[in-house]
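Visitor: Please find one structure pasted underneath; my questions will follow.
The values are calculated or read from the model by the stated rules, or taken from the named source; none is laboratory data. All of these numbers come straight from a predicted model, not from anything done at the bench. All Cβ positions, even for glycine, are placed from backbone atoms using ideal geometry, and neighbour counts span all protein chains on display.
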Amino acid sequence: MEMKQWMEQAEAHILHTYNRYPVVLERGEGVYLYDTEGKKYLDFAAGIAVQALGYGNREYNDALKAQIDRLLHTSNLYYNQPTIEAAEKLCEASGMDRVFFTNSGTEAIEGAIKAAKKYAYEKDGKTDHEIIAMEHSFHGRTLGALAVTGNAHYREPFEPLPGIVRFARYNDLESVKEQVTDKTCAVILETVQGEGGVYPAQEGFLNGIRQLCEERDILLILDEIQCGMGRTGHMFAWQGYGVKPDIMTCAKALGCGVPVGAFLMTEKVAKGSLKPGDHGTTYGGNPFVGAAVRKVLEIFEREKIPEHVREVSGYLEERLRRFQETYAFVKDSRGVGLIRGLELSIPVGEVSAKALEEGLIVITAGSDVLRFVPPLVIEKEHIDEMAEKLENVFRQYA
Ligand SMILES: *Cc1c(COP(=O)(O)O)cnc(C)c1O
């Protein structure tokens, strides 16, 4: 069947919540994707920061195939080996003490919010606790995660949303302090804002929030769903700041393609929050995703993926800065490691669509940022290839 026919069939049945790019992807190899007509694309989006190891990693694929034949699912009423080992590795890599596996990022946020609320409830027996979240943040689409997402357009049709949420400005410590009350139980933020336009937290901001939380006995929740798993050149972005959260969320690259997320916490939070009966999931942390996470973490450790990101990302930064120097419509180049953005004064949606025609997959963030979240295994040659293709697009606007 032709791509066009597939697209028509899709639009006839799938709920129209996405304006998709006009391409039907069929297979992947390394850092390249191929559509059903055989056209090749260099992938600088990685399925939105998911495919950290790229496509067709033999060792990862074999581990998953073996687990399919052994055991897919058990429910959380029983123990299973892959997930026990995945949990140990994830706690080791993060320095957190306890983990709960979920099926997605948004569910990890739900769990993190529940843990923070339960912690506050255990302390004072009250139920009217408040959470401070950031403007331009993105934490997911379920109701609790939406409530802390700083995008009024996403939130408004679904209000009232659960919880009492106060919004502060990212990288503005005073604005956070202004929102603190005796009822504040948690501050939630992305260590690097992703969807909102690729804004890394400033060091003083993150340190200041940590100190504020310490002083007021408020829990710090860091959302590492997009910026975690090696993307910044550290296993988790906060490790680059030396600012440890009380609760952390993780997803996207955690399973490198299988739907899995997690929220993790310190022993102190675990002891004072969720107890048997307070939270659960049927699928979460089943043997299949456990085998994926276990293998992903094993490969990350052996192949030193965060180190590789530190080595290769300077080159990407340099190459993107050159675009800023060359083209007046490139207003800013920012980010850290392999999560980067170019702020453009030309329509970014159009630019990413034209890039696709050139055989380059790049996505957007916010209304005016071109976002680069490639597989973490890219090499310099791929950065050169990306730059060449993007240059072909940018030249059309010069
Ligand atoms: C993608 C994302 C989420 C939501 O994850 P889903 O798996 O889509 O539910 C939450 N927070 C951040 C920072 C994200 O990038």
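Visitor: Within the stretch 236-253, which residues are in contact with a helix residue (DSSP H, G or I) (Cβ under 7 Å, 6 or more places away or on another chain) and away from the ligand (no atom under 11 Å from the Cβ)?
Guide: Within the stretch 236-253, F236, Y241, V243, K244, P245, D246, I247, M248 meet the criteria.
Visitor: What single numbered condition from (1) at pLDDT 95 or above; (2) surrounded by 15 or more Cβ atoms within 10 Å (Cβ to Cβ); (3) out of contact with any Ser or Thr (no Cβ under 6 Å at 6 or more places or on another chain) fails to hold for F158?
Guide: Status for F158: all satisfied but (2).
Visitor: Give me a count of the residues in the stretch 86-130 that are free of Cβ contacts under 8 Å to residues at least 12 places away in the same chain and under 19 Å from Q239 (Cβ atoms).
Guide: Number of matching residues: 2.
Visitor: Check the stretch 129-151 and report whether any residue there is out of contact with any strand residue (DSSP E or B) (no Cβ under 6 Å at 6 or more places or on another chain) and more than 15 Å from the ligand (Cβ to nearest atom).
Guide: Taking every residue of the stretch 129-151 in turn, none turns out to be out of contact with any strand residue (DSSP E or B) (no Cβ under 6 Å at 6 or more places or on another chain) and more than 15 Å from the ligand (Cβ to nearest atom).
Visitor: Does G233 satisfy being among the small types (G, A, S), within 16 Å of the ligand (Cβ to nearest atom) and surrounded by 18 or more Cβ atoms within 10 Å (Cβ to Cβ)?
Guide: On the way: among the small types (G, A, S): yes; within 16 Å of the ligand (Cβ to nearest atom): no; surrounded by 18 or more Cβ atoms within 10 Å (Cβ to Cβ): yes.
So G233 fails the test.
Visitor: Another one. State yes or no: is L212 without any contact (Cβ under 8 Å) to a residue 40 or more places away in the chain, within 15 Å of the ligand (Cβ to nearest atom), of a type in the set (A, V, I, L, M) and over 30 Å from V362 (Cβ atoms)?
Guide: It is false that L212 is without any contact (Cβ under 8 Å) to a residue 40 or more places away in the chain, within 15 Å of the ligand (Cβ to nearest atom), of a type in the set (A, V, I, L, M) and over 30 Å from V362 (Cβ atoms).
Visitor: How many residues, within the stretch 118-162, are under 23 Å from the mean Cα position of the chain (by Cα), under 18 Å from F263 (Cα atoms) and not small (G, A, S)?
Guide: Counting residues in the stretch 118-162 that are under 23 Å from the mean Cα position of the chain (by Cα), under 18 Å from F263 (Cα atoms) and not small (G, A, S) gives 9.
Visitor: Could you figure out which of (1) closer than 21 Å to Y241 by Cβ; (2) touching a residue at least 24 places away in the same chain (Cβ under 8 Å) isn't true of T142?
Guide: In the conditions (1) closer than 21 Å to Y241 by Cβ; (2) touching a residue at least 24 places away in the same chain (Cβ under 8 Å), T142 misses (1) alone.
Visitor: Determine if the stretch 296-314 includes at least one residue that is under 18 Å from Y199 (Cβ atoms), buried (at least 18 other Cβ atoms within 10 Å of the Cβ), of a type in the set (A, V, I, L, M) and not assigned by TED's automatic domain parsing to the domain that holds L254.
Guide: no
Visitor: Can you spot a residue in the stretch 168-176 that is free of Cβ contacts under 8 Å to residues at least 24 places away in the same chain and either among the small types (G, A, S) or buried (at least 18 other Cβ atoms within 10 Å of the Cβ) (or both)?
Guide: yes
Visitor: Can you go through Q202, Q193, Q226 and tell me which one is polar (S, T, N, Q) and within 28 Å of N286 (Cβ to Cβ)?
Guide: Only one candidate qualifies: Q226.
Visitor: A follow-up question, please. With the structure loaded, tell me whether E92 is farther than 17 Å from F288 by Cα and not assigned by TED's automatic domain parsing to the domain that holds D223 or whether it fails that test.
Guide: Against the criterion (farther than 17 Å from F288 by Cα and not assigned by TED's automatic domain parsing to the domain that holds D223), E92 does not qualify.
Visitor: Can you pull out every residue in the stretch 38-78 that is under 27 Å from F100 (Cβ atoms), more than 16 Å from the ligand (Cβ to nearest atom) and assigned to a loop (DSSP other than H, G, I, E, B)?
Guide: Answer for the stretch 38-78, where residues must be under 27 Å from F100 (Cβ atoms), more than 16 Å from the ligand (Cβ to nearest atom) and assigned to a loop (DSSP other than H, G, I, E, B): L53, N57, L71, L72, H73, T74, S75, N76, L77, Y78.
Visitor: Out of the stretch 2-37, which residues are within 16 Å of the ligand (Cβ to nearest atom) and over 30 Å from E224 (Cβ atoms)?
Guide: None - no residue of the stretch 2-37 is within 16 Å of the ligand (Cβ to nearest atom) and over 30 Å from E224 (Cβ atoms), so the list stays empty.
Visitor: Consider the stretch 26-64. How many of its residues are buried (at least 20 other Cβ atoms within 10 Å of the Cβ) and within 19 Å of H382 (Cα to Cα)?
Guide: Total meeting the criteria: 17.
Visitor: Taking the stretch 338-351 on its own, how many of its residues are in contact with a strand residue (DSSP E or B) (Cβ under 8 Å, 6 or more places away or on another chain) and without any contact (Cβ under 8 Å) to a residue 60 or more places away in the chain?
Guide: Count: 6.
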